[in-house]
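Notes follow once the structure below has been shown.
The values are calculated or read from the model by the stated rules, or taken from the named source; none is laboratory data. These figures come from a predicted structure and were not determined experimentally. Here the Cβ positions follow ideal geometry from the backbone for every residue, glycine too, while neighbour counts run over all protein chains shown.
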Amino acid sequence: MIYVIEGTQWGDEGKGKITDYLGQKMDIIVRHQGGNNAGHTIVIGEDKFALSALPSGIVNPNITNVIASGVVLNISQLIRELTMVKEKGLPFKLLISNRAHIIMPYHVDLDGAYEGLLSKHKIGTTKKGIGPCYQDKAARRGIRVGDLLEPSYLKERLASCLLIKNMELKLFGKEIYDFNSLYKKLIQYGELLKPYITDTSKFLNKAIKENKNILFEGAQGSMLCLNYGTYPYVTSSSPLANSVPLNAGIPPKSIDKVIGIMKAYTTRVGEGPFVTELHDKTANLIRTRGHEYGTVTRRPRRVGYLDLMVVKHTVELSGMDSVAIMLLDVLTGVKDLNVCVGYKLDGQEIDYIPSTIKELERVVPIYRSFPSWHEDITKVRNYDDLPKEAKEYIEFIESFLGVPACLISVGPERNDTIIKHDLF
Ligand code: GDP
Ligand code: IMO
Ligand code: MG
């Protein structure tokens, strides 16, 4: 069976936890897009893993982890994470696509330079070089992982790419890169990564024919999708399940189930419209309780009520089969529990997400309020044992979205999970 996990909001929905949780039944876990802008936290007993380049299955020695062609790879970050995994004494299986693009140090510099120049109009990126790397991919100026194994070709590629990049860096008054030292570094990277580099599309298609269980792990959330998110305040790839076949080089019809991951409320990091954003005591309570600080940048996450218009938009786009409702425990005791069930634009109710930022900024949320619950739910493992108010909240979400909730998460650990509908 082929499963896809997709964040339904603006990221940090708890994809890492669910990937790890479902991973227990998987043969293969694949990262298909994004780069080390992602921050996925996995908690297993005393151990906490913060991963941004490696797939979330790396902590499970039985799983083959794949970094597919749609990913942009920061190799020094990958090596740091691999070292951490090795230090824990964990054996791992990893494959890296020869077609994945490399985030070069100049991409990181340029990300910072663009953001600095835009100042108050900045995107609020993670400054990890994601945008500039995808930009070069589209402009056919990228360097791919497979190029590292072809020294003479790499030399040619790097020379022509650096010509343009150094010119751009000079414009920003930034330091330029020396060809020889950068080339030497890339050759070293190639030697280090050689055992892992392969045609991952071939590997995945064979695995599909052999009926392996494969999980595609999304990075970011659908509202950060370059095509359907809150453009231009988005990332430079598409986290939608729709992009998996292309990013991984597998047939579209091979996907069996798409699982949406949603927080029981909403958060966002970086700039851009956020219809249900709160700036009050409730926001502070949720931020503190949910530890809502970026895994990658440590920025405090913006916090708001659950916006079901957003989740419905992404459920529809990807044809999700079910949703996992995360961090429900954080809402315990929150008074005035509201959920956004509609949008009003210039006084008219609308049933879509406006495409422009200006319209989105004018949207007024229509709220429905829910009674709160006060019991500690972190130890609950059976759905029926949840307080009736929590069940009412969950069942409303299901009926609004028109898809069932497969699981409810009530804490960060693997086992802090309630199965509502079995996925297997
Ligand atoms: P991802 O980017 O979607 O993988 O999510 P992150 O790992 O960036 O952020 C989710 C955070 O919530 C992490 O710190 C998780 O350990 C934590 N978490 C996940 N599920 C739950 C839950 O049900 N309750 C609580 N309290 N924390 C959770
Ligand atoms: P995970 O996988 C939350 C946001 C950034 C910024 C915008 C563009 O942990 O859910 P970029 O560096 O990608 O060019 O920044 O996207 N962003 C994320 N926000 N979680 C993430 O990943 C994110 N990855 C990027 O904050 O607003
Ligand atoms: Mg995250």
Could you run through segment 369-395 and say how many residues are closer than 20 Å to I419 by Cβ and not in a loop (DSSP other than H, G, I, E, B)?
10
Within segment 407-424, is even one residue under 26 Å from the mean Cα position of the chain (by Cα), among the aromatic types (F, W, Y) and at pLDDT below 95?
yes
Quick one: which helices (runs of 4 or more DSSP H) sit completely within segment 237-328 and have at least 1 residues that are more than 13 Å from ligand 2 (Cβ to nearest atom) and within 29 Å of G342 (Cβ to Cβ)?
281-289, 308-318
For segment 104-197, give me every one of the helices (runs of 4 or more DSSP H) that falls completely inside it and has 3 or more residues that are surrounded by fewer than 16 Cβ atoms within 10 Å (Cβ to Cβ) and of a type outside the set (F, W, Y).
105-118, 151-171, 179-193
L94: passes all of (1) modelled with pLDDT of 95 or more; (2) under 24 Å from the mean Cα position of the chain (by Cα); (3) in a helix (DSSP H, G or I) but (3)
Residues of segment 340-366 being over 21 Å from F396 (Cβ atoms) and without any contact (Cβ under 8 Å) to a residue 12 or more places away in the chain, which ones?
G347, Q348, P354, T356, K358
All conditions in (1) of a type outside the set (D, E, K, R); (2) exposed (fewer than 14 other Cβ atoms within 10 Å of the Cβ); (3) in contact with a helix residue (DSSP H, G or I) (Cβ under 9 Å, 6 or more places away or on another chain) are true of I353 except (2)
Qualifying positions in segment 60-80 - more than 13 Å from ligand 2 (Cβ to nearest atom), more than 22 Å from L423 (Cα to Cα) and not polar (S, T, N, Q)
P61, V66, I67, A68, G70, L73, I75, L78, I79, R80
Restricting attention to segment 156-164, does a residue exist that is in contact with an Asp or Glu (Cβ under 8 Å, 6 or more places away or on another chain), more than 16 Å from ligand 3 (Cβ to nearest atom) and among the charged types (D, E, K, R)?
yes
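Of all the residues that make up segment 33-42, how many are over 10 Å from the mean Cα position of the chain (by Cα) and either more than 9 Å from ligand 2 (Cβ to nearest atom) or crowded, with 24+ Cβ neighbours inside 10 Å (or both)? Even if it seems obvious, please write down each step before you answer.
To start, the set of residues in segment 33-42 that are over 10 Å from the mean Cα position of the chain (by Cα) comprises 41-42.
Retained after the next criterion (residues that are either more than 9 Å from ligand 2 (Cβ to nearest atom) or crowded, with 24+ Cβ neighbours inside 10 Å (or both)): 42.
Summing the residues that are over 10 Å from the mean Cα position of the chain (by Cα) and either more than 9 Å from ligand 2 (Cβ to nearest atom) or crowded, with 24+ Cβ neighbours inside 10 Å (or both) in segment 33-42 gives 1.
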Tell me whether segment 371-394 contains one or more residues that are of a type in the set (F, W, Y) and closer than 30 Å to K122 by Cα.
no
Being over 21 Å from F424 (Cα atoms) and not in a strand (DSSP E or B) is the filter; apply it to segment 44-60 and report the residue that is nearest to ligand 1 (Cβ to nearest atom).
S52
Quick one: how many residues across segment 16-65 are among the polar types (S, T, N, Q) and within 14 Å of L94 (Cα to Cα)?
5
Could you please give the count of residues in segment 186-226 that are small (G, A, S), closer than 30 Å to L308 by Cβ and touching a Leu at 6+ places or on another chain (Cβ under 6 Å)?
1
Of the conditions (1) at pLDDT below 95; (2) of a type outside the set (A, V, I, L, M); (3) surrounded by 14 or more Cβ atoms within 10 Å (Cβ to Cβ), the single one that K335 does not satisfy is (3)
Taking G342 as meeting all but one of (1) in contact with a strand residue (DSSP E or B) (Cβ under 8 Å, 6 or more places away or on another chain); (2) not in a strand (DSSP E or B), write down the number of the exception.
(2)
Selected residue (only one of V341, V330, V334 is among the β-branched types (V, I, T) and over 26 Å from the mean Cα position of the chain (by Cα))
V334
Cβ-Cβ below 7 Å, separation at least six or inter-chain, first residue in segment 276-298 and closer than 14 Å to Y265 by Cβ and surrounded by fewer than 18 Cβ atoms within 10 Å (Cβ to Cβ), second modelled with pLDDT of 95 or more and of a type in the set (G, A, S): which pairs?
E277/G304
Show the residue pairs that are 6+ apart or on different chains and have beta-carbon atoms under 7 Å apart, the first residue being within segment 223-241 and at negative phi, the second being charged (D, E, K, R) and within 8 Å of ligand 2 (Cβ to nearest atom).
Y233/E271
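A quick yes/no check of all residues on (1) more than 16 Å from ligand 3 (Cβ to nearest atom); (2) part of a loop (DSSP other than H, G, I, E, B); (3) touching a helix residue (DSSP H, G or I) at 6+ places or on another chain (Cβ under 7 Å); (4) within 25 Å of V269 (Cβ to Cβ):
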position: G16; (1), (2), (3), (4): no, no, no, yes
position: M26; (1), (2), (3), (4): yes, yes, no, no
position: I42; (1), (2), (3), (4): no, no, yes, yes
position: V85; (1), (2), (3), (4): yes, no, no, no
Given (1) within 16 Å of ligand 3 (Cβ to nearest atom); (2) in contact with a Leu (Cβ under 9 Å, 6 or more places away or on another chain); (3) not aromatic (F, W, Y), where does L327 come up short, assuming only one miss?
(2)
